[in-house]
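Here's the structure, in structure tokens; my notes come after.
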Amino acid sequence: MFITTRDGTQLYYKDWGPKNGRVVAFSHGWPLSADAWDAQMFHLASQGFRCIAHDRRSHGRSSQTWDGNDMDTYADDVNELFTQLDLKNVTMVGHSTGGGEVARYIGRHGSRRVAKAVLMGAVTPIMVKSPNNPVGLPIEVFDGFRQAYLADRAQFFLDVASGPFFNFNRPGAKVSQGLIQSWVLQGLMTGHKGAYDCIKAFSETDFTEDLKRFDVPTLILHGDDDQIVPIQGAALLSAKLVKGAQLKIYKGGSHSLGDTARSQVNADLLAFASA
């Protein structure tokens, strides 16, 4: 299914479960699509929740836009989705870049339609290192991403999926070739410019003030062995900025908890959304 935004962008979305169920809306990570949430959506929809996940603009089946590949526009797209579907009392769940999308949505549009929020492996409050953020990652890391992306984007995606995204590069890791292929397939569906622009959006956007605006119950999930978004510069700081946030650390957890710790994530999301 699709909606059309005010600038003419077509946004694809999935809408699973009973239409009268409590709504859980999912925002995916880079460079993925709504498909990254299938296991969580199936689990929650089977428990009576209405689960909605969209493909961010320039990702998945949505329009590949030349402009607007930034956090403000991503948040505005979510607002248009919620408004056109008239969603209320939504539990927003965001992974990685999607966590930033959730934060910017609340910071920009408030919580009128939001009941709860979940940030999982989220890029908040800001990834890049600066004098104000000494625990961040150096800009050279993200410059390296861009360089590798432009040099051979398919190989870059394969390298990320085969290694640090799922922690398949750790000793004794049980490697799933299926997960790797799924990740690469989703990545290759992205618009070339949109995915390139999104590297800047997820790494350099400062969500500090957005997090301070949270006024709904918030659950923060993060793996302590997250190689993509290290916990020290992310969840540990976000938990201090969101008033009353509940922080749950997954011991040895990867960046992709929804896959590598699927059963626990599903249980935690169900418990939080049901409370």
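Every number here is computed from the coordinates shown, using simple stated rules; none is lab data. All values reported here derive from a predicted model rather than from experimental measurement. As a convention, Cβ positions derive from the backbone with ideal geometry for all residues, glycine included, and neighbour counts pool all protein chains shown.
For Asp152 and Arg61, the difference between the fully extended length at 0.36 nm per residue and the C-alpha to C-alpha distance is 30.5 nm. Could you pull out the pairs from Lys116/Lys248; Lys129/Lys200; Lys19/Lys88; Lys19/Lys243; Lys116/Lys243 whose alpha carbons sit more than 23 Å apart here? Over 23 Å Cα-Cα: Lys19/Lys243.
Enclosing the Cα atoms of the range 2-274 in their convex hull gives a volume equal to 113 cubic angstrom per residue. Among Phe168, Phe49, the ranking by other beta carbons within 10 Å of each residue's beta carbon, starting with the fewest, stands as Phe168, Phe49.
When the label point is put 7 Å from the Cα of Gln84 along its Cα-to-beta-carbon vector, which residues of the range 18-51 have a backbone N closer than 13 Å? Of the residues in the range 18-51, none has backbone N under 13 Å from the label point off Gln84.
Averaging the Cα positions of each part gives two centres, and for the range 1-35 and the range 88-106 these lie 12 Å apart.
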